[in-house]
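Comments concern the structure below.
The values are calculated or read from the model by the stated rules, or taken from the named source; none is laboratory data. Note that the structure is a prediction, hence the values are computed from the model and not measured. Neighbour counts are summed over all protein chains in view; Cβ atoms, including those assigned to glycine, are modelled from backbone coordinates with ideal geometry. Calculation scope for accessible area: heavy atoms of the full protein, side chains included, ligands and nucleic acids excluded. Shrake-Rupley method; radii C 1.70, N 1.55, O 1.52, S 1.80 Å.
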Amino acid sequence: MPACPSILLVLGGGKHTPEVVLETIASMYPRGCVVGGACAGIIVADGSSCSGSEIGMVAFLAPEISPKLQCVDLLAHGDLEAGHQLGRLVRDQHASDAAVLLLYDSVLSFQPRRLHSAGHLLQGFQAEWPGAMATMGGGLLTDLNLTDGWILLNGEVKRHAALALVFPRSVTADAIILRAARPISSLMRVTHIVGAEIFTLDGRRALDVVEEHLDAPLTDTASHPSRIMTLGLKLGEQWESGTPDDYVNRLIVTADREKGSVTLFEPDFYEGALVQLMQNDPAMMLDMARNRVAAAPMRCEGGRQPFLRLYIDCAGRASAMSGALVEEADVVAEVLPDDTPFLGFYSGVEIAPLCGRSHPLDWTGVLATYSRVG
């Protein structure tokens, strides 16, 4: 019998029955705390796959690097309040500077398509616990079509849940954010928005404004996007020229031609916000993966010992969605700077620090490096 880990982080493709996953792992590690959930695909050092049949695991054996679990299963009753509750649990039991991995169920319902809000979850989490400003994590879902999601919580399968893995104070976390979108429009003002649905930009039907920049309709007859497009909100000085790193992007997930609206992945844009239409750039995505990942913290750098690299990759960056000729995730795995244990997964939303606080991100890859100090 192999050594029993204190925590097993398990991520499984959507074709798996989660109860069977739990039963199988429990037969091997009966005393291990199994946490994690569904993912749209797995990324390992040898490559990536989105077949739905994958399983990836990280076993935490040493107490000095093993995280503690905090969780809530109240997202169906409100993402903001669930975030507040999770923040209180972490605040009451952990140091304010602890590194945290936050995972949550992305899918509220498939028909009609509704998603849990990482923005609201983070807002509540950050309001209760100062350490949440540097949180990393992602939204879990079963496939690229946003069909479903599930969470594993210490022997139980949950939906509409979120978990925080809180590391000991001896553990630090560094993030490298990989981008893939460039602006293709001038600044536009959001003039009517309800939740995640934008009705007008600059006082005109939002869908009309978006399609003026395209050579074909944004959506098909079923209102599904025919291409990957995002709206970007530039952080910092709005009118100064920026780089792709200055934007928080929101994927356009659907449109309503009758109402002239477009609906975003997250409901955190607001009336008066200045946004730009962003288009994915596969060449930039691959170049950034090659150039930035090589700069990840290495062993013994600054007295730190990396013990895990976790790659949280937007499902839209997979070649089936992005149109890239090679898998971006494979490029990331190829250029890793050392043999630190590595696991990646395809997510719905990525969470990482940007401009002093953590934000939900779309169309990004977040490479998190966890290190032990000393």
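Things worth noting here:
- Pairs of Cα atoms farther than 14 Å apart, the stretch 13-87, %: 72 percent
- Paramagnetic label zone (point 7 Å from Cα along Cα-to-C-beta, SER96; backbone N under 19 Å) in the stretch 154-178: 166-173
- Mean projection area, nm², convex hull over Cα of the stretch 162-264: 9.4 nm²
- Relative contact order computed over the stretch 276-374 (Cα-Cα under 8 Å; 6+ residues apart), in percent: 38 percent
- The relative contact order of the stretch 178-330 comes to 29 percent, based on Cα pairs under 8 Å that sit 6 or more residues apart.
- Positive-end ranking of GLN93, ILE312, THR221 along the dipole of the chain, with charges on Cβ about the Cα centre, is headed by GLN93.
- Rel. contact order, % - alpha carbon contacts under 8 angstrom, at least six apart, the chain: 21 percent
- The charge dipole of the stretch 78-213, taken about the Cα centre with unit charges on the Cβ atoms of Lys, Arg (+1) and Asp, Glu (-1), comes to about 120 debye, rounded to the nearest 20.
- Those GluC sites (Glu not before Pro) in the stretch 189-289 that DSSP places in a loop and that have at most 15 other beta carbons within 10 Å: GLU212, GLU237, GLU240, GLU258, GLU271
- Dipole moment magnitude, nearest 20 debye, the stretch 1-73 about Cα centre, only Lys, Arg, Asp, Glu C-beta charged: 80 debye
- Dividing the Cα radius of gyration of the stretch 1-154 by its Kirkwood radius returns 0.97 for Rg/Rh.
- Share of alpha-carbon pairs per 10 Å distance bin for the chain, given as whole %: 5, 25, 35, 25, 8, 2, 0
- The 1.4 Å probe gives accessible areas that order LEU108, LEU308, LEU80, largest first, as LEU80, LEU108, LEU308.
- Across all directions, the average flat footprint of the convex hull enclosing the Cα atoms of the stretch 213-333 is 10.5 nm².
- The accessible area of HIS120, taken with all protein chains in place and a 1.4 Å probe, comes to roughly 70 Å².
- Solvent-accessible area assigned to carbon and sulfur over the stretch 197-354 amounts to 51 percent, based on a 1.4 Å probe.
- Surrounding net charge for LEU115, when Lys and Arg each add one and Asp and Glu each subtract one, Cβ distance under 10 Å: -1
- Rounded to 10°, Cα long-axis angle of helix 282-293 versus longest principal axis of the chain: 30 degrees
- Computed about the Cα centre, the dipole magnitude for the chain is approximately 600 debye when only Lys and Arg (+1) and Asp and Glu (-1) carry charge, each at its Cβ.
- Sorting LYS234, LYS15 by solvent-accessible area of protein heavy atoms yields LYS15, LYS234, largest first, with a 1.4 Å probe.
- On Cα atoms only, tilt of 118-128 relative to the major axis of the chain in degrees: 60 degrees
- Spatially close Lys pairs in the chain, defined by Cα atoms under 29 Å apart and a spacing of eight or more places or different chains, total 4.
- Excluding the site residues themselves, the longest part of the chain lacking any chymotrypsin sites (Phe, Trp or Tyr not before Pro) in a DSSP loop with at most 11 other Cβ atoms within 10 Å is 1-238.
- 0 to 90° range, to nearest 10: angle between helix 79-93 axis and the chain longest Cα axis: 30 degrees
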